[in-house]
Amino acid sequence: MLMALVAAAVFDVLFGLSFPPVSVWPLAMLSPVPLLWLAWSTKRPGWAGLGVFLGTLPLWLLHHWWLLDVTAMGTPVLMLIMAVYPALFVLIAARIRRRWQWPDWLVAGVLWTGLEFLRGEVIGYGYPWFMVAHPTIESGAARWLASQSGVYGVSLIVVLLSALLLSGAEAKRRWACWGVRAASFVGMLVVATALTSIPWMPPAEEDSIVVAVVQTNVPSSNKVDWMLEERIDFFEDTVQATADVLEYEPDLVVWPETMFPGYSLSPDVGGLADAFPDSIFFLRMREALLRFQEELGIPMLVGSVAVDDPQYVDEEVRVAHTWNSVFLIEGGDVASRYDKMHLTPFGEVMPYISHFDWLEQALLSLGAPGMTFDLDAGTAPAHFDVRTRHGRTVRIVTPICFEATVSPVCRRLVTAPDPDASLIINVTNDGWFGQSDAGRRHHALLARWRAAELGVPVLRASNTGISQFIAPGGSHVPVEEPARTAGVMYARIPVAGERSTLYARTGNVVGISCALALLLLFPAALRRPPGRATQATPADGTMESDSKEPEQP
């Protein structure tokens, strides 16, 4: 148990320091080594897994402390869930090593990647944060590999390299083999780091779109208990900031997620004029925004709630459906909208639990009082066609908040139109991170992976920051990034040329394949190979029978 706790602590340090706020990205490529060493040397896989489970809890708490202000009850549950995955990796890898004569390095890569895919895309509607590949986006080699195989392909390579390094270190008296592996690893880092220095070349005016992002700065309570006076003041300030963009002649103006402070931008809310005391102000804000856009003469993408068939019944407003949406406003009217398809787990929907209203309400009252999970998921992708001042039509998709972290969602949005979309604009409300700039930077980091995978530029429009432009291929473009302040960011974004990647055409083939292989590895870890006794292979190369050891937990 002690060695398991030590290995977990070393993993915590390497893995944790590779992410924001420290962001020493090469450490991510070494972080699997202590867990691999533990899995390959332990004689008690059960105790080793338990030690890793306990030892990684501080890591997940450190990186999720901001959640305590959102849901004090839900945060410990997430910590426990996150700690399960490295523990399972050690447990299964150790049992496979002791029971089967399979290539350890290959088993390790497939097992780790399969577990990441299940956590990121399947279980609990997916939580694709803190993948071992994520910090390596700073490497040009990782960005290129992502365009071919996605983030899970990069995770697979990272763990395979770590396993090969450890195998070389364990191979005593084979220093030549170890030296070749180490030299190859260092060489790869040198080449990858050199690739990050390729300069960003701004596009010509006729091959670009100029976008102005109006970054607001309101607390996350704007979704819970925003007072009418605060709404009106915010609306007036944001409209004024938007009016000031005229001197830069942008082709498009973007407001972040849910930043329209009225009831909704949906066209059919006019019948609620006398529904409740504040309704007349909400309707006037909608009319004022449409009139303002017409006078501005620039298309606007605005984050707002969308509603369907609102009615005033028994002194309360009832709607058939409510969506978290982005509206395109042109010519003083709503032209089209996109409804968020993938709701944020435990932020907008409770996986599995939301099917039972009474249970959902009971848990919300305990863990997140004041919040309501009343949003519906959008059913189909949508895109916006915006015409630039130079006559070019740009096809834009707008993943909302958490959706930018989910690679299949962004791939579906980009490839669903024909032709593919030319620009991703991620509208988000990062006010939920509170004082955690590390959380904001992690969220922005994940958006870079979508640019790398799909070969499409990404623009982030974020309440409280970080609003930023990410070049096609995932390289970060230095621009002035207001963080936790109100301001306006301008970006000239390339929209010309064919950028389709292999990943855009094939999807998460690597992740799915590893998850399917995991279905074979798990039962194999539970049973003995037919026709022979289970054997262990210690680091000195000798064989040792299980019959000489006590029963493994």
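Descriptive notes on the structure:
- Filtered by the rule that a residue be in contact with an Asp or Glu (Cβ under 8 Å, 6 or more places away or on another chain) and farther than 30 Å from P219 by Cα, region 58-92 gives a lone residue, Y85.
- D12 in the same structural domain as V151 (by TED's automatic domain parsing), over 25 Å from L445 (Cα atoms) and touching a residue at least 40 places away in the same chain (Cβ under 8 Å): no
Every residue, every condition in (1) at negative phi; (2) assigned to a helix (DSSP H, G or I); (3) surrounded by 16 or more Cβ atoms within 10 Å (Cβ to Cβ), yes or no:
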| residue | (1), (2), (3) |
| --- | --- |
| T485 | yes, no, no |
| M489 | yes, no, yes |
| R499 | yes, no, yes |
| R505 | yes, yes, no |
| L519 | yes, yes, no |
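- Checked against the criterion of being outside any loop (DSSP other than H, G, I, E, B), more than 30 Å from A471 (Cα to Cα), of a type in the set (A, V, I, L, M) and at pLDDT 90 or above, region 260-282 has no qualifying residue.
- Residues that are of a type in the set (K, R) and touching a helix residue (DSSP H, G or I) at 6+ places or on another chain (Cβ under 8 Å) were ranked within region 434-476; the one that is surrounded by the most Cβ atoms within 10 Å (Cβ to Cβ) is R460.
- Of all the criteria given as (1) without any contact (Cβ under 8 Å) to a residue 60 or more places away in the chain; (2) assigned to a helix (DSSP H, G or I), the one not satisfied by M131 is (2).
- Across region 96-126, the number of residues qualifying as aromatic (F, W, Y) and surrounded by 21 or more Cβ atoms within 10 Å (Cβ to Cβ) comes to 2.
- V326 being in contact with a helix residue (DSSP H, G or I) (Cβ under 7 Å, 6 or more places away or on another chain) and part of a strand (DSSP E or B): no
- Subset tally (residues that are surrounded by fewer than 18 Cβ atoms within 10 Å (Cβ to Cβ) and not in a strand (DSSP E or B)) for region 329-346: 2
- The number of residues in region 412-463 being in a loop (DSSP other than H, G, I, E, B), among the polar types (S, T, N, Q) and either under 23 Å from V132 (Cβ atoms) or at pLDDT 90 or above (or both) comes to 2.
- Counted residues, region 38-54 - those being of a type outside the set (V, I, T), closer than 23 Å to L160 by Cα and surrounded by 20 or more Cβ atoms within 10 Å (Cβ to Cβ): 7
- Of the residues making up region 66-107, just one is touching a residue at least 24 places away in the same chain (Cβ under 8 Å), of a type in the set (S, T, Y) and part of a helix (DSSP H, G or I), namely Y85.
- Search result, residues across region 239-259 that are among the acidic types (D, E) and more than 18 Å from I466 (Cα to Cα): D244, E247, E249, D251
The values are calculated or read from the model by the stated rules, or taken from the named source; none is laboratory data. What you see is a predicted model; the values in this text were computed from it and never measured. Note: ideal-geometry Cβ built from the backbone for every residue, glycine included; neighbour counts use all protein chains shown.
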